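Beneath this line is the structure, given in structure tokens, with notes to follow.
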């Protein structure tokens with residue numbers, strides 16, 4: 001963590017020095033690395049630097065639309081997509097720019113893709129191809145931003161803020177995020193509800209190891225005398241049904257802030 005902060009600080013200092021040098025009104029002939037910090041051309045430097053200094057420094061030479069400006073070089077010439085798209089610094093560059101799942105890592109700000117990285121983690125597991133509930137939105141766990149220049153987006157913080165939305169706070173839950181341990185606690189979605197497993201604190205970077213398996217958020221408990229394969233879930237038949245040894249769940253009625261029968 002310390003090395004990462006040192007690297008970010010070094011890139012930010014280099015970017016600040018570059019900004020102080022100014023840009024000429026008449027674009028000179030230059031190499032692509034001449035006016036940018038060392039290592040700028042590697043994707044891993046873009047996201048962390050922009051998170052620290054914002055797009056305003058880019059506007060000075062590339063214009064407010066980043067289409068060239070006085071530099072006469074559009075950012076899209078290297079990247080192939082507009083820097084104003086949500087999936088420019090993080091997410092899937094090939095995804096539909098209007099699809100929220102494509103904005104989320106992988107890729108993270110440092111161009112990493114492994115789910116063991118805290119910037120990647122279980123993002124996709126919460127946003128796409130869900131079978132237990134309806135897909136979450138970005139604002140379920142982060143500030144609701146209106147664009148890349150929103151004050152709560154590029155605010156100089158080295159990390160993305162975690163601000164839990166209404167779903168995570170259902171049933172009077174008081175969700176918390178611990179970046180040090182990469183765990184969530186007291187989250188409605190993971191057991192903080194009546195008769196739920198309130199001690200369930202899933203690790204964000206532990207993906208694909210059963211963190212959301214049936215029984216982790218709630219067990220049969222007092223339902224045990226009634227719940228069986230033969231009986232199925234008759235009391236919650238609109239939520240889950242059992243037939244020929246197969247359980248079928250309606251995602252719209254599960255983890256939705258209320259008890260459906």
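No value in this document is a laboratory result; all are computed from the given coordinates. Since this is a predicted model, take the numbers as computed values, not measurements. So basically every Cβ, Gly included, is an ideal-geometry build from the backbone, and we count neighbours across all protein chains shown.
Tabulated results
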| item | result |
| --- | --- |
| Gap separating the Cα centres of region 147-189 and region 194-213, nearest whole Å | 17 Å |
| Label point 7 Å beyond Cα of residue 139 along Cβ direction - residues of region 90-120 with amide nitrogen under 18 Å | 98-104 |
| Percent of C-alpha pairs per 10 Å bin, region 106-195, short to long | 15, 44, 35, 6, 0 |
